[in-house]
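Only one structure is covered here, and it is reproduced in the block below.
The values are calculated or read from the model by the stated rules, or taken from the named source; none is laboratory data. Bear in mind that the values here come from a model prediction, so they are computed numbers and not experimental data. Cβ: placed from backbone, ideal geometry, glycine included. Neighbour counts: every protein chain shown. Remember, those area values only see protein heavy atoms, side chains included, never the ligands or the DNA or RNA. Shrake-Rupley method; radii C 1.70, N 1.55, O 1.52, S 1.80 Å.
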Amino acid sequence: MSRIGKAPVIIPTGANVAINGHTVIVKGPKGQLSQTIDPDISVSIEGNTILVTRPTDQKRHRALHGLYRTLIHNMVQGVTAGYEKKMEMIGVGYKCEAKGQNLELSLGFSHLVVVNLPNEIKVATETVKGKNPTITLSGYDKQLVGHVAAKIRSLRTPEPYKGKGIRFVGEVIRRKAGKAAGKK
């Protein structure tokens with residue numbers, strides 16, 4: 001049996017979980033999320049835990065078992081604690097500024113790049129002299145936070161020679177040697 005799938009999801013205080021047919025609805029202090037579950041996979045609530053079970057050991061059922069358990073766990077975690085992604089901008093003249101649900105980025109292009117963020121995402125920017133500007137995205141939907149962060153990162157992906165671009169805090173970029181390394 002799947003080690004991830006058979007682990008129960010603990011419902012913390014402040015979170016309400018309801019199962020409506022093949023849909024799991026999770027409500028918490030940060031918001032509400034819902035996920036439609038495959039009809040083959042069964043989800044049950046026992047006390048303060050959620051159990052996900054599969055009918056057979058077919059490859060498809062094994063894959064869905066762990067997937068839906070993880071999605072439900074992410075929903076419960078999101079509505080209670082939330083998720084956060086931090087990104088830093090490395091490059092001369094790179095700037096960022098949050099104006100409501102718009103994120104204005106100066107990335108070395110001839111124009112300002114404006115990213116319109118969904119209402120579920122909160123953005124904060126920080127610019128400290130001597131340090132790289134940072135962007136902090138937070139929200140209760142893990143998939144949405146990750147998607148928006150990847151979209152912002154794709155505007156100026158870190159390049160391997162000097163490392164300039166937008167990267168996640170703590171991300172390691174493999175560096176390449178330039179032209180001078182080949183000459184001897």
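Overview of values
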| item | result |
| --- | --- |
| ³J(HN,Hα) computed for each position of the range 86-91 - Karplus, 6.51 cos²θ - 1.76 cosθ + 1.60, integer Hz, glycine/proline x | 10, 10, 10, 9, 10, x |
| PHE109 accessible area, assembled protein chains, probe 1.4 Å, Å² | 90 |
| 1.4 Å probe accessible area per residue over the chain, in Å² | 61 |
| Computed accessible area, THR23, all protein chains, 1.4 angstrom probe, square angstrom | 40 |
| Sulfur and carbon atoms: percent of accessible area, the range 57-132 [1.4 Å] | 48 |
| Exposure of LYS30 as accessible area (Å², to 10), given a probe of 1.4 Å and all protein chains | 110 |
| Heavy-atom SASA rank of LEU117, LEU71 (probe 1.4 Å, accessible area, largest first) | LEU71, LEU117 |
| Accessible surface, 1.4 Å probe, highest first, among residues VAL9, VAL43 | VAL43, VAL9 |
| Residue-wise HN-Hα coupling along the range 95-110, computed from phi with Karplus coefficients 6.51, -1.76, 1.60 (Hz; x: Gly, Pro) | 9, 9, 8, 9, 10, x, 9, 10, 10, 9, 10, 10, 10, x, 7, 6 |
| Extension gain (nm, one decimal) between HIS111 and LYS162, 0.36 nm per residue minus Cα-Cα | 16.1 nm |
| Options (1) 23, 18, 17; (2) 34, 21, 18; (3) 40, 22, 13 - which one matches semi-axes √(5λ) of the Cα gyration tensor in Å as calculated here | (3) |
| Per-residue ³J(HN,Hα) for the range 37-44, Karplus 6.51 cos²θ - 1.76 cosθ + 1.60, θ = phi - 60°, Hz, x for Gly and Pro | 9, 4, x, 6, 8, 10, 10, 9 |
| Only Lys, Arg (+1) and Asp, Glu (-1) charged, at Cβ; the range 100-184 dipole about Cα centre in debye | 860 |
| Net length gained if the chain between GLU171 and GLN35 were fully extended (0.36 nm per residue, minus Cα distance) | 45.9 nm |
| Expected 222 nm ellipticity per residue - DSSP helices of 4 or more, -39500 (n - 2.57), all of the chain, to 500 | -6500 deg cm²/dmol |
| Calculated FRET efficiency for the pair GLU97/SER42, C-beta based, R₀ 35 Å, to 0.05 | 0.10 |
